[in-house]
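K.L.:
Take a look at the following structure, please.
The values are calculated or read from the model by the stated rules, or taken from the named source; none is laboratory data. Predicted model, so just to flag it, every value in this text is computed and none were measured. Positions of Cβ are generated from backbone atoms using ideal geometry, with glycine treated the same way; all protein chains shown enter the neighbour counts.
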């Protein structure tokens, strides 16, 4: 496969990943502000779509195209610090998103199913989502920084 095509797909998938992370946080903010069960339900359906395609699909495409580019381009190597750092941060990102994020999502789904949005527990869950979103966005920015700046080259 052509390196330039892989690079294009890699960059577009990275944009979808970052944009998806921002969209998910905005969606959860809207859910927090909504006072009606219908509004929360609508927001949570949007969240589920974004989570599936942007938070899971895009990172997978970024990793696949990134590995392929390293394999076909002699200038890159899995021994380079910026590549190792990026891979490490992607692993940290996914582990945190799939463990902490999944737990928080289940709590939101439970609140939605019960129509129970005014409890202190729900407010804590929403604040935790905000903190998780900030951590995940910081990790994404670090990954993008490593990809763009390629320290050590």
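K.L.:
Scan the range 129-153 residue by residue and report those that are crowded, with 17+ Cβ neighbours inside 10 Å and closer than 17 Å to residue 63 by Cα.
P.N.:
Within the range 129-153, 136, 139, 140, 143, 146, 147 meet the criteria.
K.L.:
Does any residue of the range 39-46 turn out to be assigned to a helix (DSSP H, G or I), in contact (Cβ under 8 Å) with a residue 12 or more places away in the chain and closer than 21 Å to residue 15 by Cα?
P.N.:
yes
K.L.:
In this structure, is residue 2 surrounded by fewer than 13 Cβ atoms within 10 Å (Cβ to Cβ) and either at pLDDT below 70 or within 26 Å of residue 65 (Cβ to Cβ) (or both)?
P.N.:
Criteria met by residue 2.
K.L.:
Restricting attention to the range 46-94, and to residues there that are closer than 23 Å to residue 108 by Cα and in contact with a helix residue (DSSP H, G or I) (Cβ under 6 Å, 6 or more places away or on another chain), which single residue is modelled with the highest pLDDT?
P.N.:
Per the stated criteria, the residue is 93.
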